[in-house]
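Accompanying notes for the structure given below.
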Amino acid sequence: MATVGLAFPSHRLAVEYDGVWQGAPLQVGSDRERLNRLHAAGWEVVFITREHLRDPHRMICTVRAALQARHAA
């Protein structure tokens, strides 16, 4: 289906790093197609940004909240 940065298959949750794609417009298009396939298969995607990497607690809270939301659904 798709390769993701980090996956929680039991929750159908993918975690992706959302960085800058300099000079790679084709990559952006293929990434969007991959995300569309994930959504069509019932997966949710959470994006981690550079700011999350600077604040690991924030990153953990973001992923934890998404996992809890998927578990409750």
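The values are calculated or read from the model by the stated rules, or taken from the named source; none is laboratory data. What you see is a predicted model; the values in this text were computed from it and never measured. Heads up, the Cβs are rebuilt from the backbone with ideal geometry, glycines too, and the neighbour counts pull from every protein chain shown.
Worth pointing out:
- Qualifying positions in the stretch 1-19 - over 9 Å from the mean Cα position of the chain (by Cα) and either farther than 21 Å from Val63 by Cα or of a type in the set (Asp, Glu) (or both): Met1
- Counted residues, the stretch 36-57 - those being in contact (Cβ under 8 Å) with a residue 24 or more places away in the chain, of a type outside the set (Val, Ile, Thr) and closer than 19 Å to Ala69 by Cβ: 6
- Within the set Arg70, Arg12, Arg58, the sole residue that is charged (D, E, K, R), surrounded by 11 or more Cβ atoms within 10 Å (Cβ to Cβ) and in contact with a Phe, Trp or Tyr (Cβ under 7 Å, 6 or more places away or on another chain) turns out to be Arg12.
- Looking only at the stretch 49-68, residues that are closer than 24 Å to Asn36 by Cβ and modelled with pLDDT of 95 or more come to 5 in all.
- Considering (1) surrounded by fewer than 12 Cβ atoms within 10 Å (Cβ to Cβ); (2) over 15 Å from Ala7 (Cα atoms); (3) not acidic (Asp, Glu), the lone condition that His52 does not fulfil carries the number (1).
- The set of residues from the stretch 1-56 being assigned to a loop (DSSP other than H, G, I, E, B), closer than 17 Å to Ala73 by Cα and aliphatic (A, V, I, L, M) comprises just one member, Ala41.
- Yes/no for Leu26 being at pLDDT below 90 and exposed (fewer than 13 other Cβ atoms within 10 Å of the Cβ): yes
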